[in-house]
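Here is the structure we will look at, set down as structure tokens.
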Amino acid sequence: MSGILPYPLLSLALLILWLLLNQSVSAGHIILGSVLAVLASWAMAALRPEKPRIRRPGAALRLAGMVLIDILRSNLAVGRIIVRSRQPGVNAGFLTIPLDLRDRHGLAVLSIIITSTPGTIWVNYDAAKGTLLLHVLDLVDETIWIQTIKHRYERLLMEIFE
Amino acid sequence: MNAAGNLPTWAALLTALLVLVGAAATLIGSLGLLRLGTFYARVHAPTLGTTLGMASILAGSALFFSMLEARPVVHEILIAVFVGLTTPVTLMLLVRAALYRDRIEGSKEVPAADAAEHSIPQD
């Protein structure tokens, strides 16, 4: 945006980080945190990263809620596999999914979502073909996983970033 | 024994429950490391500890210290954010290193790299 605040969201996040770290909202900490946040955003600007554009903050909140619920559910599912199954991991396998999402920030968020959800891990993304290689712990039905990733996450991420 | 005696009963019980749930989730994740067969399957197990395990223990900690100090103590959020962002990156690095080595060794267990696939992503 302006010359003083090249990355307003980053500066705001850093200020919140500073206040949380110090457990204080006193004027002194707000001033010190703001100065640090602005200096850090100048340092960031020197790196000239590609600027993400978040088009739909509402969709981002919806995605965050969905991801939290999915992480809780897969925790239970993976826990059940580990404790109950006679031969845990017998259904594990690789899965290739074609993605329509091309935005780098969207892909980065998707990789964090997929990997931090127990039971799925992001292995490789082929930028030339737009395909994603995943490893899934419970690969009984491939179409369910493709549906989940394409319709639950990818559609929302495309709304947010593209 | 210590200041924990000053907690109201409901808060003490809830804290104990949250910490126990977190510890159980982390234990099951560690058990998974032992029980799962292949490297790629094992990588899934520690995520239990770093998601539900971490969240539950941190919620317990935030509740305990908020009640004890009679003010909201929420810097646990920072731990959650940092662990939540850094663990997946570490796991992805491990898996990609394993995949790279398996492909070099010509393992049949992993999907082969296509001729068109580049190890360095191109724009």
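The values are calculated or read from the model by the stated rules, or taken from the named source; none is laboratory data. Being a predicted model, the structure only gives us computed values, none of them experimental. Here the Cβ positions follow ideal geometry from the backbone for every residue, glycine too, while neighbour counts run over all protein chains shown.
Here are some notes:
- Only strands (runs of 3 or more DSSP E) whose full extent lies in region A:44-162 are considered here, and the ones with at least 2 residues that are hydroxyl-bearing (Ser, Thr, Tyr) are A:120-126.
- Count of region B:3-44 residues which are more than 21 Å from B:Ala55 (Cβ to Cβ) and in a helix (DSSP H, G or I): 11
- Positions within region A:30-52 being at pLDDT 90 or above and not aliphatic (A, V, I, L, M), in sequence order: A:Gly33, A:Ser34
- For beta carbons closer than 8 Å, sequence separation of 6+ or different chains, a first residue in region B:58-81 that is assigned to a helix (DSSP H, G or I) and a second that is charged (D, E, K, R), the qualifying pairs are B:Leu58/B:Glu76; B:Ala59/B:Glu76; B:Ser61/B:Glu76; B:Ala62/B:Glu76.
- Residue within region A:52-66 that is of a type in the set (A, V, I, L, M, F, W, C), closer than 30 Å to B:Gly37 by Cα, assigned by TED's automatic domain parsing to the domain that holds A:Ile144 and in contact (Cβ under 8 Å) with a residue 24 or more places away in the chain present: no
- Index of the failed condition, A:Gly119 passing every other in (1) at positive phi; (2) more than 12 Å from every other protein chain (Cβ to nearest Cβ): (2)
- Number of residues in region B:18-38 that are touching a residue at least 40 places away in the same chain (Cβ under 8 Å) and more than 10 Å from every other protein chain (Cβ to nearest Cβ): the value is 2.
- Filter result (within 15 Å of the chain's Cα centre (by Cα), without any contact (Cβ under 8 Å) to a residue 12 or more places away in the chain and surrounded by fewer than 21 Cβ atoms within 10 Å (Cβ to Cβ)) within region A:100-152: A:Ala108, A:Ile112
- When residues in region B:51-85 are screened for being crowded, with 21+ Cβ neighbours inside 10 Å and within 7 Å of chain A (Cβ to nearest Cβ), 2 of them pass.
- Residue check for A:Leu63: away from chain B (no Cβ under 14 Å), within 20 Å of the chain's Cα centre (by Cα), surrounded by 13 or more Cβ atoms within 10 Å (Cβ to Cβ) and not hydroxyl-bearing (Ser, Thr, Tyr): yes
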